[in-house]
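The values are calculated or read from the model by the stated rules, or taken from the named source; none is laboratory data. Note that the structure is predicted; figures quoted are calculated from it, not measured. Methodologically, a virtual Cβ is constructed for each residue, glycine included, from the backbone with ideal geometry; neighbour enumeration extends over all protein chains shown.
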Amino acid sequence: MGKKLLRLVFPVLFLLPLCANATTTKDFDANGTIQTGDSYDKIKIYNGITVGMYDGYVGEVTGQLTSTFNMYGGSVGSILITGCANIYGGNINTIVGFGEVNIYGYDFVWTLGEIIPQRGVLTGKWEDGTLFSINMRDILPMDTYVVLHEIPEPTTFLVLGLGYFLIKRRS
């Protein structure tokens, strides 16, 4: 009995690490989401498809001409999309140009590369105040549109509201 059990357990223990390191690619040919617990080495987003990422991990995001990638959280190694990427939060190592990239946050600072001007680092804060830093590569003016959408800091709304209240109180 002991030898039979060992014969069954040993292959499972040997193969388990191999499965954990398996390369996973997800093709989105219908709208979808990436959420807590999802982990992919690469995702491909086809034309006309929208994918929302709320959590999880993706090594590389690629998308076709009319695809849309909306990122609210999670971690991405690199985004290479010819369609549209809307970034609201999360961790991104690199964005490679060729599509439309909309980044929503505030306190943006774009530092151009010293040797190659199409490369640089974009830093800032997401709407919730979390700091971010993204490597920007091959951002060519003819091929890529990077639009920085400045969202006012939360304290700005408080000051405006207080000013409105004081003006109303005076009248």
From Ile115, Ile139, Ile151, grab the single residue that is among the hydrophobic types (A, V, I, L, M, F, W, C), modelled with pLDDT under 85, surrounded by 11 or more Cβ atoms within 10 Å (Cβ to Cβ) and more than 15 Å from Ile81 (Cβ to Cβ).
Ile151
Name the pairs: first residue in region 74-95 and closer than 14 Å to Ile34 by Cα, second residue surrounded by 23 or more Cβ atoms within 10 Å (Cβ to Cβ) and of a type in the set (Asp, Glu), Cβ to Cβ under 8 Å, at least 6 apart or on different chains?
none
Any chance you could count how many residues in region 48-72 are in contact with a Phe, Trp or Tyr (Cβ under 6 Å, 6 or more places away or on another chain) and either surrounded by 19 or more Cβ atoms within 10 Å (Cβ to Cβ) or modelled with pLDDT of 95 or more (or both)?
7
So which residues in region 73-93 are buried (at least 17 other Cβ atoms within 10 Å of the Cβ), under 10 Å from the mean Cα position of the chain (by Cα) and hydroxyl-bearing (Ser, Thr, Tyr), if there are any at all?
Ser78, Tyr88
